[in-house]
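The values are calculated or read from the model by the stated rules, or taken from the named source; none is laboratory data. Given the structure is predicted, the values throughout are model-derived calculations rather than measurements. With ideal geometry, Cβ positions are generated from the backbone for all residues, glycine too; neighbour counts draw on all protein chains shown. Heavy atoms of the whole protein, side chains included, go into the accessibility calculation; ligands, DNA and RNA do not. Shrake-Rupley method; radii C 1.70, N 1.55, O 1.52, S 1.80 Å.
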Amino acid sequence: AAVPARLWGGRSRCAGHLELLFAGTWGSVCAEGWDPAGARVLCRQLGCGRPRLIPVPCSPAAARASPVVLRQVQCTGQEPTLEHCLLEPGHPSSCPTDR
């Protein structure tokens, strides 16, 4: 099934905070394994070329933004879209909490 993705809060449609529509809910990705390979797949999916800046997905700001929908992402970087990566739903134990 397709996993729609969006970037919001940035200065263009190719910049901002990553959210995925997962199980009917837009949620943030605070996932173990989110790395340049995942970012390459996301940018390809959005038609945004090569990723330039890959923020830490588990920053406190990311954890606060919206409910976390993925706890693990594993991409090789060759996948055409994110749904071809291994996506594990849930909330990772390593996600920072609001203090």
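Determine, yes or no, whether C14 is in contact with a strand residue (DSSP E or B) (Cβ under 9 Å, 6 or more places away or on another chain), among the hydrophobic types (A, V, I, L, M, F, W, C) and modelled with pLDDT of 90 or more. Walk me through it before giving the result.
Numbers: in contact with a strand residue (DSSP E or B) (Cβ under 9 Å, 6 or more places away or on another chain): yes; among the hydrophobic types (A, V, I, L, M, F, W, C): yes; modelled with pLDDT of 90 or more: yes.
So C14 fits the description; yes.
Would you be able to say whether some residue in the range 52-71 is at pLDDT 85 or above and surrounded by fewer than 14 Cβ atoms within 10 Å (Cβ to Cβ)? Full working, then the answer.
To start, the set of residues in the range 52-71 that are at pLDDT 85 or above comprises none.
The answer is no, given that none of the residues of the range 52-71 is at pLDDT 85 or above and surrounded by fewer than 14 Cβ atoms within 10 Å (Cβ to Cβ).
One line per residue, one yes/no per condition, for (1) at pLDDT 80 or above; (2) charged (D, E, K, R); (3) open to solvent by less than 40 Å² (accessible area, probe 1.4 Å):
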position	(1), (2), (3)
A5	yes, no, yes
L20	yes, no, yes
G49	yes, no, no
S94	no, no, no
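How do the pairs read when you match residues in the range 1-21 that are among the aromatic types (F, W, Y) with residues anywhere that are at pLDDT below 90 and surrounded by 10 or more Cβ atoms within 10 Å (Cβ to Cβ), using Cβ under 6 Å and keeping only pairs 6 or more apart or on different chains?
Final answer for the pair search is W8/G16; W8/H17.
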